[in-house]
1. Do you know which residues across segment 82-98 are open to solvent by 90 Å² or more (accessible area, probe 1.4 Å) and small (G, A, S)?
2. Could you check how many residues of segment 208-222 are surrounded by 19 or more Cβ atoms within 10 Å (Cβ to Cβ) and either under 18 Å from the mean Cα position of the chain (by Cα) or not in a strand (DSSP E or B) (or both)?
3. Do the conditions hold for G249, that is, is it near ligand 1 (Cβ under 9 Å from one of its atoms), out of contact with any Leu (no Cβ under 7 Å at 6 or more places or on another chain) and open to solvent by less than 20 Å² (accessible area, probe 1.4 Å)?
4. Among what's in segment 141-167 and is part of a strand (DSSP E or B) and among the hydroxyl-bearing types (S, T, Y), pick the residue that is nearest to ligand 1 (Cβ to nearest atom).
5. So which of G158, G162 is on the phi > 0 side of the Ramachandran plot and assigned by TED's automatic domain parsing to the domain that holds L230?
6. Take L205 and tell me if it is under 21 Å from V109 (Cβ atoms), of a type outside the set (K, R), more than 12 Å from ligand 1 (Cβ to nearest atom) and assigned to a strand (DSSP E or B).
7. Give me the residue from segment 168-187 that is assigned to a loop (DSSP other than H, G, I, E, B) and more than 16 Å from ligand 2 (Cβ to nearest atom) and, out of that set, nearest to the chain's Cα centre (by Cα).
8. Which of the residues that make up segment 227-250 are over 10 Å from T191 (Cβ atoms), more than 15 Å from ligand 2 (Cβ to nearest atom) and not in a loop (DSSP other than H, G, I, E, B)?
Amino acid sequence: MSLFKPNRRQDTLLTAHASSIIKDAQRELKDPARRLLGKRILSLGGLALLSGCDLSNDKSVNTMLRKMSYFNDDMQALLFDPKRMAPTYPESMITRPFPFNAFYDIDEVPEVDAGSYRLQVSGLAQGKRVWTLDELRALPQEDQITRHICIEGWSAIGHWGGVRFSDFLKRAGADTTAKYVSLHCADNYWTSIDMPTALHAQTLLTLTYDGQVLPPKYGFPMKLRMPTKLGYKNPKHIVAISVTNTFPGGYWENQGYNWFGGS
Ligand SMILES: Nc1nc2c(c(=O)[nH]1)N[C@H]1C(S)=C(S)[C@@H](COP(=O)(O)O)O[C@H]1N2
Ligand SMILES: [Mo]
């Protein structure tokens, strides 16, 4: 086990966050009638944020919870080790059938046309801005068998193949000193990730599932697979990518799911 020793930058950041959270908490808990509520919120806070549950309509309590989530994002970013690999598994451990999940039922999966599909790259990138599926398929490909963890309470091992995302970003001339990469999907889902995760060796611009063209239910024509992040951070049916320094949020993240979403 390694102990986390903050450096000066981390220290300043932690102190700034901690004092604003404590100040908010003190304001909230001053009134004895609220103390019980406060205790419940403090213990259920993390769960509430993850599940999107509304424990309270009180604006300041929500502000406090939101700050705790931002604090959590920063902690996860600080602790993220870009060289640490998520576990990989043998083929015999693949979950069959692999579960489907989306914010709609399986009969509403979007149908993206392979021929007219174009992946758009925008924002802080100086290379090619429009990619066809054939162009993506012509790039060097690799495979991974990793575990997908959904916060709705299931996990499953799957086999994905495609282009290392860091390789794609370099070819697209992305400014890899930018903070975020946002990912927009054909079903209007979207999410965004930190640049260190975008450049992680296991972050895969995924074109296949189990050796076959990615089926519609798993995100045809392209999903971003990140075994270092929870399920909702793994967007399917991606049609546009943007490299940016402006915080892009996400579909579930804007409803209270933790933004960093590490697994
Ligand atoms: N475009 C899109 N991507 C998405 C979602 C979605 O609703 N739309 N749901 C996310 C969630 S919550 C999960 S758990 C996984 C499920 O991926 P699967 O269907 O391949 O198991 O997709 C993620 N990516
Ligand atoms: Mo999920």
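1. Matches in segment 82-98: S92 only.
2. The total comes to 6.
3. Details: near ligand 1 (Cβ under 9 Å from one of its atoms): no; out of contact with any Leu (no Cβ under 7 Å at 6 or more places or on another chain): yes; open to solvent by less than 20 Å² (accessible area, probe 1.4 Å): yes.
Criteria not met by G249.
4. The initial filter retains those residues of segment 141-167 that are part of a strand (DSSP E or B), namely 142-150, 154-164.
Checking the rest, the ones that are also among the hydroxyl-bearing types (S, T, Y) come to 146, 155.
Numbers: T146: 12, S155: 9 Å.
Step by step, filter segment 141-167, then rank; the result is S155.
5. Working: G158 fails: on the phi > 0 side of the Ramachandran plot.
Result: G162 is the single residue among G158, G162 that is on the phi > 0 side of the Ramachandran plot and assigned by TED's automatic domain parsing to the domain that holds L230.
6. Working: under 21 Å from V109 (Cβ atoms): yes; of a type outside the set (K, R): yes; more than 12 Å from ligand 1 (Cβ to nearest atom): yes; assigned to a strand (DSSP E or B): yes.
Considered against the rule, which asks whether it is under 21 Å from V109 (Cβ atoms), of a type outside the set (K, R), more than 12 Å from ligand 1 (Cβ to nearest atom) and assigned to a strand (DSSP E or B), L205 comes out as yes.
7. Let us first name the residues in segment 168-187 that are assigned to a loop (DSSP other than H, G, I, E, B), namely 172-173, 175-179, 186-187.
Applying the additional criterion that residues be more than 16 Å from ligand 2 (Cβ to nearest atom) yields 172-173, 175-179, 186.
Working: A172: 21, G173: 22, D175: 20, T176: 17, T177: 19, A178: 17, K179: 14, A186: 17 Å.
Ranking the candidates gives K179 first.
8. Residues satisfying the conditions are V239, A240, I241, S242, V243, T244.
The values are calculated or read from the model by the stated rules, or taken from the named source; none is laboratory data. Since this is a predicted model, take the numbers as computed values, not measurements. Note that each Cβ is placed from the backbone with ideal geometry, even for glycine, and that neighbours are counted across all protein chains shown. Keep in mind that these areas ignore ligands, DNA and RNA; they rest on the heavy atoms of the full protein, side chains included. Shrake-Rupley method; radii C 1.70, N 1.55, O 1.52, S 1.80 Å.
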